[in-house]
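A.B. asks: One structure is given below, represented as structure tokens, and several questions about it will come after.
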Amino acid sequence: MSFQDLPLAERLLIARRGTAYFAQRLAELTDDDLNSDTLLSGWSRKHLLAHVGYNAAALCRLLDWAATGIETPMYASPEQRGTEIDEGATLSAAALRNLFDHTVARLDEKWRHLPASAWHAQVRTAQGRLVPVSETAWMRTREVWIHAVDLGNGGRFGDFPDVVADSLLTDIVGMWQKKDLGAGLVLEVDGCAPIAVQPDSPTSTKVGGSLASVVRWAAGRGAVGLTSGADAQPPRWL
């Protein structure tokens, strides 16, 4: 079963659990720790925290769009996202923690109060995809669970609910296929049928291990716990 097959209430619960998981990792960091690097090249923890906070604000705009019918894009321009992150990274640790808390509360309030009739309203993501606003549950789930690992202080893909890890792998492979990447790559998740990223190309690389280790590798977060293919580099998915 994929994430999207779950009832909406359960999808929102998993997103909230991910937010709590991120918040737990964040609470373990001192203010000085926020100046250190993350698993994302070029981003400090301040950059990452600004991104997670402003992402919630951007999703709030999509929920406003669904609630009112008035188009309110996630970002006013392609440059807005990057500018917010760069400027946010200059804020104090206290201001960034407040940004996270405030935007999380706003997003949760909008989820709780969106009328049932509005959950199927079509909105546009920052990548230009038209999706029902219920997609914000997955968009936020992906952000908070992965970025909790990116903080680099103990977050693990092995802590993700299986349905999140499964759906992440489906997303990543689908993106590779859309971009015509991953020729010859086969993913071998323990207990599952092998996944040929480009089925018509001959196998040249096999990457195997637990679901958590394969998803971590595929997401570009390093080869931790793989049983095969640890030296291979994954195609870029975002």
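A.B. asks: With a cut-off of at least 2 residues that are among the aliphatic types (A, V, I, L, M) and either farther than 21 Å from GLN127 by Cβ or touching a Gly at 6+ places or on another chain (Cβ under 6 Å) (or both), name the helices (runs of 4 or more DSSP H) lying wholly within the stretch 1-106.
C.D. replies: Counting at least 2 such residues, we get 8-27, 45-68.
A.B. asks: Tell me the residue from LEU151, LEU168, LEU181 that is in the same structural domain as ILE14 (by TED's automatic domain parsing) and either modelled with pLDDT of 95 or more or over 27 Å from GLU79 (Cβ atoms) (or both), please.
C.D. replies: On the way: LEU168 fails: in the same structural domain as ILE14 (by TED's automatic domain parsing); LEU181 fails: in the same structural domain as ILE14 (by TED's automatic domain parsing).
None of the others qualify; the one that does is LEU151.
A.B. asks: Just one of SER134, SER92 is of a type in the set (S, T, N, Q) and either farther than 20 Å from ASP33 by Cβ or modelled with pLDDT under 95 (or both); which is it? Even if it seems obvious, please write down each step before you answer.
C.D. replies: Working: SER92 fails: either farther than 20 Å from ASP33 by Cβ or modelled with pLDDT under 95 (or both).
Sole residue among the options that is of a type in the set (S, T, N, Q) and either farther than 20 Å from ASP33 by Cβ or modelled with pLDDT under 95 (or both): SER134.
A.B. asks: Given (1) touching a residue at least 60 places away in the same chain (Cβ under 8 Å); (2) in a loop (DSSP other than H, G, I, E, B); (3) buried (at least 17 other Cβ atoms within 10 Å of the Cβ), where does ALA223 come up short, assuming only one miss?
C.D. replies: Only one criterion is unmet by ALA223, namely (1).
A.B. asks: Sort through GLU109, GLU71, GLU87 and tell me the only one that's exposed (fewer than 14 other Cβ atoms within 10 Å of the Cβ) and in contact with a helix residue (DSSP H, G or I) (Cβ under 7 Å, 6 or more places away or on another chain).
C.D. replies: The unique qualifying residue is GLU71.
A.B. asks: Do any residues in the stretch 137-158 that are more than 14 Å from GLY222 (Cβ to Cβ) and of a type in the set (Gly, Ala, Ser) have Cβ atoms under 8 Å from those of residues that are at pLDDT 95 or above and assigned to a loop (DSSP other than H, G, I, E, B), where the two are at least six apart or on different chains, and which pairs are they?
C.D. replies: What qualifies is ALA148/GLY155; GLY154/GLU28.
The values are calculated or read from the model by the stated rules, or taken from the named source; none is laboratory data. Please read all numbers here as calculations on a predicted model, not as lab measurements. All Cβ positions, even for glycine, are placed from backbone atoms using ideal geometry, and neighbour counts span all protein chains on display.
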